[in-house]
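Read-outs throughout are calculated quantities, based only on the coordinates presented, and are distinct from any laboratory measurement. Worth saying up front: this structure is predicted, and the values here are computed from it rather than measured. Cβ sites come from the backbone with ideal geometry, for glycine too, and all protein chains shown count toward neighbours.
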Amino acid sequence: MSRIYNDWIEGYLHYTENTEPSKLYRTWCAIAAVGAVLRRKCYIEWGSETFYPNMYIVLVGPPAARKGTAIAPARKLIEDVGIKLASDESSRQKLIERLVQSFVLDHDETRATLSHSSLTIISPEFSVFLNEDPKMLPMLCDWYDCRSSFEYSTMKRGEETVVNVWVHMLGATTPTSLQRTLPPEAFGTGLASRTIFVYQANKEKIVIFPGGSQEDRYKLLTDLEQISVLRGPFGYGEDFINLYTEWYMDSEENPPFHEDKLLGYIQRRQTQLFKLCMICCAARTNDMTITAQDFTRAKEILEWTEKFMPQTFVGIGSNPLGGIQARVMSVLLAKKKISAHELMAMFSDDLNRTQMAEILGTLEHMRFCHITQTGHIVCTRKVGKDECGGDDTAITKAGENI
C-alpha cells in the first residue's frame, strides 16, 4: 500500500503550521511520533552494534514557548494508532508495571521472533516526573540502551524480568525546573548524555484560531498506521556508509560543543544520528533502506537542534546566582531592550542591587548585552527565528531545509 504523504514529518509540519509552537518543537514531536510507532521491532545493525529507534526528547523553554501545545497533536496521533503510553505514570513502580504490560510477541518477514516490551513515555511535566523517585534517573539510563532483559524486585513475587526493553520518551520542561531537577550525576554518562534537549526561547507566532484540518489529520493517521507495521532491520548502501564516515571523522575533530555538561552527549552523538536516520527513513518510505537523503536530513535536524542546545543548561552550575542569571537572560532575549529600573523591579524578590549589577556585569563581559548611558540594558545576542519567534535574523539553513 502506498503512502499518502511523500514524507510524514513534512505532512505533520503542514498539519500543525497554524499553531504557535516553533517549527523546531513541531519537528521533534513528529520525530517522536514516528519513533513511537516503530518500537523495538525495527533496528539497524552496524558492525557488532545494534541501534533501535528509541529517543529521549525533551522540549525546553519558558512557559510561554508552547511546549505542551507542541506535544498535544503528536500524542493524540500516537494514541489513536494504539501505541502503549505511560503519560501519567508518576512512580517508578507504576512505570515498571506499565512496561511489563507492554510486552508483545511479534515476527518479522522471516518469521523470526521479535518479542519486545516497548513503551513510550509522554511527560509534559518532565521535571515533576523525574522528581518522584531518586531511582528514576538510573533506571531511564538503563532502559535507553535497550537491554535484552531488565530485572526488578517485587514484594510479593520476588525477582522478575522484563524481556527486550525499549523505552521512548517525549517530555517538556523549563530551564529553571531542569536546573532544580538534574543532579550532577545526570551529566557525563548520565541521562543528559542520552537526551536530545530541544531549546526554544519563545513561541514562533501568535495564532488566534489554532488547529489543522481533519482531512490532513486522517491522512497522517493512515500513514502512521502503515509505519507502525514496519518490522525488521533497516538496510543501507555505500552512499550512506561514505557520508557517515565523513561525518564521523569530522565530528571527532570538530565537536559541536565544548561545554562540560554536553561532553557526554558528544560521546553518544553518533547513536542519536543512527536513531534519527531510521526515523527519517521510516517517515519517507516503507522499504526500510536508509539513503543519502535520509542521512542528510537527519544530520541537518541534529545540527539545527544543537545550535540552541547549550542554552538548556545556562544557570546549571556552582554559581549561586546561575539560575536567576538564566532568567534574566530569558527576559533580555524576549524584550531586546529594557530599563535597569524595570528589570530590577522584576527580580526584586530574588536579587539586591549589588547582585543584579554582578549578573549584568557578567552578561556584558559575555557580550550578551550592553548597558547604555540612559540606563537601558540592550540584548546583543543574535538569534534565529526558530529560537525566539522574532523576524530580525534569518532562520538557519538547516531550518529552511527541514
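Observations, loosely collected:
- Mean projected area in nm² (Cα convex hull; one quarter of hull surface) for the stretch 230-281: 4.4
- Crossing angle, helix 92-101 versus the chain [Cα axis fit, 0-90 degrees, rounded to tens]: 30
- Kirkwood-type hydrodynamic radius, the chain: 22.3 Å, calculated from all non-identical alpha-carbon pairs.
- Computed over the chain: relative contact order in percent, which uses C-alpha pairs under 8 Å that are six or more apart: 22
- Extension reserve of the His14-Ala357 stretch, reckoned as 0.36 nm per residue once the Cα distance is removed: 118.9 nm
- Taking every DSSP helix (H) stretch of at least 4 residues in the chain, weighting each as -39,500 (n - 2.57) and dividing the sum by the residue count yields a mean residue ellipticity at 222 nm of -13500 deg cm²/dmol.
- Taking all Cα pairs closer than 8 Å and separated by 6 or more residues, the relative contact order of the stretch 1-73 comes to 32 percent.
- Summary value for the stretch 322-388: 37 percent relative contact order, contacts being C-alpha pairs under 8 angstrom separated by 6+ residues.
- Choice from Ala282, Ala32, Ala340 with maximal GNM fluctuation in the chain (Cα, 10 Å cutoff): Ala340
- Choice from Phe308, Phe197, Phe368 with maximal GNM fluctuation in the chain (Cα, 10 Å cutoff): Phe368
- The Cα-based radius of gyration of the stretch 1-142, divided by its Kirkwood radius, gives an Rg/Rh of 0.98.
- This model, with +1 at the C-beta of Lys and Arg and -1 at the C-beta of Asp and Glu, gives the stretch 19-150 a dipole about its Cα centre of some 260 debye.
- The calculated FRET efficiency for the pair Ala292 and His365, based on their C-beta separation and a Förster distance of 35 Å, comes to about 0.20.
- Packing order of peptides 180-187, 146-153, highest average first: 180-187, 146-153 (average count of other Cβ atoms within 10 Å over each peptide's residues).
- Under a 5 Å amide H cut-off, with hydrogens placed 1.01 Å from N, Ile121 pairs with Ala86, His168, Met169, Leu170 among residues at least 5 apart or on other chains.
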